[in-house]
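S.K.: Quick one: this structure, given as structure tokens, is what I'll be asking you about.
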Amino acid sequence: LFRNRIEALCEKTDLKHADILHWPLFGGRMITAGVMGLIGRFRYILVTDALLQHLETQELDAVISHEIGHIKKNHLLFYLFFFAGYLLLSYATFDLIVYVLIYAEPVYRFLEESGIAGGSIHSAVFSFFIIAIFLFYFRFVFGYFMRNFERQADVYVYTVLKSGQPLISTLEKIAEVSGQPMDKPNWHHFSIRDRIDYLQKCESDKRWISRQDRKIKKSIAVYLSFIIIIAGIGYHMNFGKTGKRLSAHLFEKILNQELEKNPENANLYGVLGDVYYNSNRYPEAARAYETAITFKPDNPRVLNNLAWLYATCKDEFIKNPERAVRLAGQALSYEQSPHIWDTLAQSLYETGRMEEAIDAAQQALDLAKGDRTYYKEQLKKFLAAAKAGRI
């Protein structure tokens, strides 16, 4: 009998489903039902023993109508969308959390001096932010939509049945059987009293039904706007110019913090010089490279980078081609690489020593492997300059 009534309701509302199944939730003692599956051929309607035992036929119709409302209003699809929104939010805020961890370094040092391990502090703070975002999103954002989707499913009963009274009496029975206080809400449902009161409003004025639909549409529009903003922030933080600047600034901050602990670490100064150079902060880059070779004068990478900076810098106060020639020569004494020969060639070119520049460029081209286009273009440039009579 019950199966026939459920089947009839599904046929009336054109709800496709694969089967109606027994749901042993809490041993089947809960008066509830559910729908599982987005696609009709994989969709199942679930009912508990208590639902079938305690409800009259019209009340059963009301509960199934409620579940049908979830499908017709695409609530399951929206839930997937909200989960995707959380993943996007987590992705967009990850870098922000890292920035907070880095800039809160003075606080960590104070705690470390109090005897708390630095690694434990970082892990605890990072975990706190991750858990806080998770709880806030699902408790307040996801929970808000769940409660209002449940109310929308409640009022969908008026689409299937003439009255919402069977659902009202069902809610009263749920409170009686479960012993749950009628005024007690939770994060995913309004209280039973709130649900009954809203249904009674709909009984007297059907405009409350459309008001709930409009409320959800407006809420989704606000949520979509929020997600679009978060997506924009996430994109700019990870792929845009803003993100690159922040990443460079963050990297600089980390390097300077490490240098405070290891003030004679030449490798750190070399990397810091690279950060400054890529940010077009040429005076700072020159100082960092000079400090690096002071502590480690046999580093060909730093020698080459400093030589290239002095040879090509647009800032005339920084540019020093003669020193660039000497630095590139030093780098070559430690490593015979095409890019270092190219630096020497460029430095010689900037000093007007064309024949030597051509010889160095030819050495770079001869040593180059793979794509040699750049080195060919460099040699061509120097040959053209020599032919033009640049001395």
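S.K.: If I filter region 1-18 for residues that are more than 30 Å from Asp213 (Cβ to Cβ) and aliphatic (A, V, I, L, M), do I get at least one hit?
M.R.: Checked region 1-18: at least one residue is more than 30 Å from Asp213 (Cβ to Cβ) and aliphatic (A, V, I, L, M).
S.K.: Could you please find all residues in region 189-214 being basic (Lys, Arg) and in contact with a Phe, Trp or Tyr (Cβ under 8 Å, 6 or more places away or on another chain)?
M.R.: Across region 189-214, the qualifying residues are Lys201, Lys206.
S.K.: Still on this structure: Of the residues in region 147-177, how many are in contact (Cβ under 8 Å) with a residue 60 or more places away in the chain and closer than 30 Å to Leu87 by Cα?
M.R.: Qualifying residue count, region 147-177: 6.
S.K.: Also, I was wondering about something else. Tell me yes or no: at least one residue of region 43-64 is buried (at least 18 other Cβ atoms within 10 Å of the Cβ) and without any contact (Cβ under 8 Å) to a residue 24 or more places away in the chain.
M.R.: yes
S.K.: Go through region 35-54 and report how many residues are touching a helix residue (DSSP H, G or I) at 6+ places or on another chain (Cβ under 6 Å) and either part of a loop (DSSP other than H, G, I, E, B) or closer than 19 Å to Phe78 by Cα (or both).
M.R.: Residues in region 35-54 being touching a helix residue (DSSP H, G or I) at 6+ places or on another chain (Cβ under 6 Å) and either part of a loop (DSSP other than H, G, I, E, B) or closer than 19 Å to Phe78 by Cα (or both): 3 in total.
S.K.: Here is a list: Lys253, Lys201. Which entry is closer than 20 Å to Val100 by Cα and surrounded by 12 or more Cβ atoms within 10 Å (Cβ to Cβ)?
M.R.: Lys253
S.K.: Just to be sure, is Leu25 at negative phi, at pLDDT 90 or above, within 40 Å of the chain's Cα centre (by Cα) and not hydroxyl-bearing (Ser, Thr, Tyr)?
M.R.: Considered against the rule, which asks whether it is at negative phi, at pLDDT 90 or above, within 40 Å of the chain's Cα centre (by Cα) and not hydroxyl-bearing (Ser, Thr, Tyr), Leu25 comes out as no.
S.K.: Pairs only if they're at least six apart or on different chains, beta carbon under 9 angstrom, first in region 67-78 and closer than 13 Å to Phe145 by Cα, second of a type in the set (S, T, N, Q); list them, first residue then second.
M.R.: Going by the 9 Å Cβ cut-off, the qualifying pairs are His70/Gln152; Lys73/Gln152; His75/Gln152.
S.K.: Determine, yes or no, whether Ile340 is more than 24 Å from Thr373 (Cβ to Cβ) and at pLDDT 95 or above.
M.R.: No; evaluated as a whole, the condition is false for this residue.
S.K.: Just name the residue that is surrounded by the fewest Cβ atoms within 10 Å (Cβ to Cβ) out of those in region 1-18 that are part of a loop (DSSP other than H, G, I, E, B) and of a type in the set (A, V, I, L, M, F, W, C).
M.R.: Leu1
S.K.: From the list Phe94, Phe83, which one is free of Cβ contacts under 8 Å to residues at least 12 places away in the same chain, surrounded by fewer than 16 Cβ atoms within 10 Å (Cβ to Cβ) and in the same structural domain as Ala153 (by TED's automatic domain parsing)?
M.R.: Going through Phe94, Phe83 in turn, just one is free of Cβ contacts under 8 Å to residues at least 12 places away in the same chain, surrounded by fewer than 16 Cβ atoms within 10 Å (Cβ to Cβ) and in the same structural domain as Ala153 (by TED's automatic domain parsing): Phe83.
S.K.: In the list Glu11, Glu56, which residue meets the criterion of being over 22 Å from Glu150 (Cα atoms) and modelled with pLDDT of 90 or more?
M.R.: Glu11
S.K.: Right, another one. Of all residues being at pLDDT below 85 and of a type in the set (Gly, Ala, Ser) in region 243-268, which is nearest to the chain's Cα centre (by Cα)? Just the residue, please.
M.R.: Ranking the qualifying residues of region 243-268, first place goes to Gly243.
Residues checked against (1) crowded, with 23+ Cβ neighbours inside 10 Å; (2) among the polar types (S, T, N, Q):
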position	(1), (2)
Tyr282	no, no
Asn299	no, yes
Arg326	no, no
Glu335	no, no
Tyr349	yes, no
Gln362	no, yes
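The values are calculated or read from the model by the stated rules, or taken from the named source; none is laboratory data. This one's a predicted model, so the numbers in the text were calculated from it and none came from an experiment. With ideal geometry, Cβ positions are generated from the backbone for all residues, glycine too; neighbour counts draw on all protein chains shown.
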